[in-house]
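To keep things clear, I will list the structure first and then write my remarks on it.
A short reminder: the numbers here are calculations on the coordinates, not readings from a lab. Quick caveat, the model's predicted, so the values are computed rather than measured. When we count neighbours, we look across all protein chains shown, and the Cβ atoms used for this are built from the backbone with ideal geometry, even at glycine.
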Amino acid sequence: MPPVDSPSSSDPSARGPWPHHQPPSNQPPSNQPPSGQGGYGQPPYGQPPSGQGGYGYGQPPSGHGPYGHSPYGQHQPEPPPPYGQPPYGGYAPPSGGYGPPPGGYGPPPGGYGPPPGGYGPPPGGFGGPGHDPYAGHAYNWPYVPPRPKRTPEEQRQRKRRLAGFLGIFVVFLGVGILIGALIAPTNPTTVAEGLVTKTMTAVTQAGSYHYVDLATVGGVPDNITGDASSTGGRQVITQRCATGTNVFDLRLVNGVVYFRGNGPAVVDQLGVGKSHAPAEVDKWVKVTKGEHPYTSFADGITAKSNISQLKTTIVVSKSTTDNRTSPPTTKVTGALRVSKTQYAGTAALVITTATSLPRSLTGDAQLTGGRYTLSWTFSHFHENVHVTTPAHTVPYASLHATPPPKAICG
């Protein structure tokens, strides 16, 4: 059935572009429509009827279409119109009547498919602005120009700026830590312990001093009077022991200890038998390193070893400063240490504030075995302490002594 808008056969002016409305005498095969009247209004295989121009796709006679060049046309046509307008559009041209071909306008054979290869990006991708053939299109990726390379001078300036920022950061960090340390609460015990350590250092640096250490345990005296130097010193000790009251002298000269004592001291301190003790009374006995009594005798004679006994005597808790005394003093208070793990009573270490040198250490504690009292005074710092080697000595090995049993006087 012809399309509704097919022209009437009785009106010649309304006929289509073909001069013959009827198909030519040469009929196509039975499986093909007549020439010019196929399903798409085109001759078979895209060829026009015999003697006619064009390609059979609804184009005007020769000389009127975009392909109106010789041999199909007589003059140069105007530029082809945009897509969607004649001669590809669906309305009659102004020069008069190109009606639709028989059968109407249908899609080309095979339909309207995508172009070969699909709608992918052009080979090589989409270029930036100004790159053909897709320059300026809205679907292009934004173009980011590369960062210009810094010159050596710019690089040096950048490093200097970074170093300056780092220095400022370190300064502010240090100031913050300092401010935090200043405003942070301080532990009183930590401060007191620091003062004791500072005192020990000051005495060691002073090099020499005189001291008197008076102590009682259950009423039994244990007194030491001495002079200490950086390399030696001397002591006079009085102790009440099981065999009686020990009285003896100690000297430390060039790493050697010299002992001289009464009868009870020769027995209790040297370990000499009671039958042989009278022969050794008041003799200077030479004790060298490695011999049994050497360590107990030498400990506490030098300035450094003597003042180190502060930490084994007082357990500190706090400190206070008194500016009313002359010179001003600082008092470190706590308790007396009675064993490695126990302490009791009260104790006070008085220090000269300006020099950190000790003046006295006193204490009082009630123990199971009786009352424990202590009075330790310090004086004559920086004075010369001259200790000489005794003229006549007896080697300790010649006494054939036996180390005494461990006791309060041993």
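Here are the numbers for the structure shown:
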read-out: The range 189-286: trypsin sites (Lys or Arg not before Pro) falling in loop per DSSP and having at most 11 other Cβ within 10 Å; value: K274
read-out: Cut-off under 5 Å, modelled amide H: who pairs with L367 long-range; value: Y372
read-out: Ordering of 340-348, 161-169 by packing [mean C-beta count within 10 Å, highest first]; value: 340-348, 161-169
read-out: Assigned charges on the beta-carbon of Lys, Arg, Asp, Glu; the range 195-399 dipole about Cα centre (debye); value: 420
read-out: Cβ-based charge dipole, the range 234-333, positive-most Cα from T302, G261, Q239; value: T302
read-out: Of K198/K289; K198/K340; K289/K340; K283/K304; K286/K311; K198/K318, those spanning more than 20 Å from alpha-carbon to alpha-carbon; value: K198/K289; K198/K340; K289/K340; K283/K304; K286/K311
read-out: Distant-in-sequence amide H partners of V394 (H built 1.01 Å from N, under 5 Å); value: W284, V285, K286
read-out: Proximal lysines to K159, defined as alpha-carbon separation beneath 22 angstrom and excluding residues fewer than eight positions away on the same chain; value: K149
read-out: For the range 345-361, Karplus couplings with θ = phi - 60° (6.51, -1.76, 1.60), whole Hz, Gly/Pro x; value: x, 10, 8, 8, 10, 9, 10, 6, 4, 5, 9, 6, 7, x, 10, 7, 9
read-out: Normalised contact order of the range 302-346, rounded percent, pairs of Cα under 8 Å and 6 or more residues apart; value: 31
read-out: Computed FRET value (nearest 0.05) for H386 with V220, which takes r as the C-beta separation and R₀ as 25 Å; value: 0.15
